[in-house]
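The values are calculated or read from the model by the stated rules, or taken from the named source; none is laboratory data. None of the values given here were measured: they were computed from a predicted structure. Cβ sites come from the backbone with ideal geometry, for glycine too, and all protein chains shown count toward neighbours. Remember, those area values only see protein heavy atoms, side chains included, never the ligands or the DNA or RNA. Shrake-Rupley method; radii C 1.70, N 1.55, O 1.52, S 1.80 Å.
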Amino acid sequence: MYGHSGGMFFGGGVVIWIFWVVLLVVVLYVIKLIIGSSSRNGASSDEALEILKQRFARGEIDEEEYERRKKQLQ
């Protein structure tokens, strides 16, 4: 059907192999995005709280505003 010249390999086998490699890369990329976003959310919350503390220390916001925003972040 395909002969002995490797027609199956070069005609369809490589395409299937490339498909699986691309699929694997996409799956790994999605996993990286999911893990990255969950770790960034924690870091951004800590970063936001630190910025809030700095603004309070500089007198940009009063204690009432500080407590209200701190409660929202936590």
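Compute the length gained on full extension between Leu33 and Arg58: take 0.36 nm times their separation in residues and subtract their Cα-Cα distance, giving the result in nm to one decimal.
Working: separation 25, 0.36 × 25 = 9.00 nm, distance 3.61 nm.
Extra length from Leu33 to Arg58 when fully extended: 5.4 nm.
How big is the accessible area of Tyr66 in square angstrom, nearest 10, if you roll a 1.4 angstrom probe over the protein chains?
30
Given a 1.4 Å probe and heavy atoms of the protein chains only, how would you sort Arg55, Arg68, largest accessible area at the top?
Accessible-area ranking of Arg55, Arg68, largest first: Arg68, Arg55.
Determine, from the Cβ-Cβ distance of Val15 and Ser44 and an R0 of 30 Å, the FRET efficiency 1/(1 + (r/R0)^6), rounded to the nearest 0.05. Show your work: numbers first, answer last.
Working: r = 42 Å, r/R0 = 1.41.
Step by step, r from the Cβ atoms, then E = 0.10.
So for Ile51, Ile34, what's the accessible-area order with a 1.4 Å probe, most first? List each step's numbers first, then the result.
Values: Ile51 80, Ile34 105 Å².
Largest accessible area first, the residues go Ile34, Ile51.
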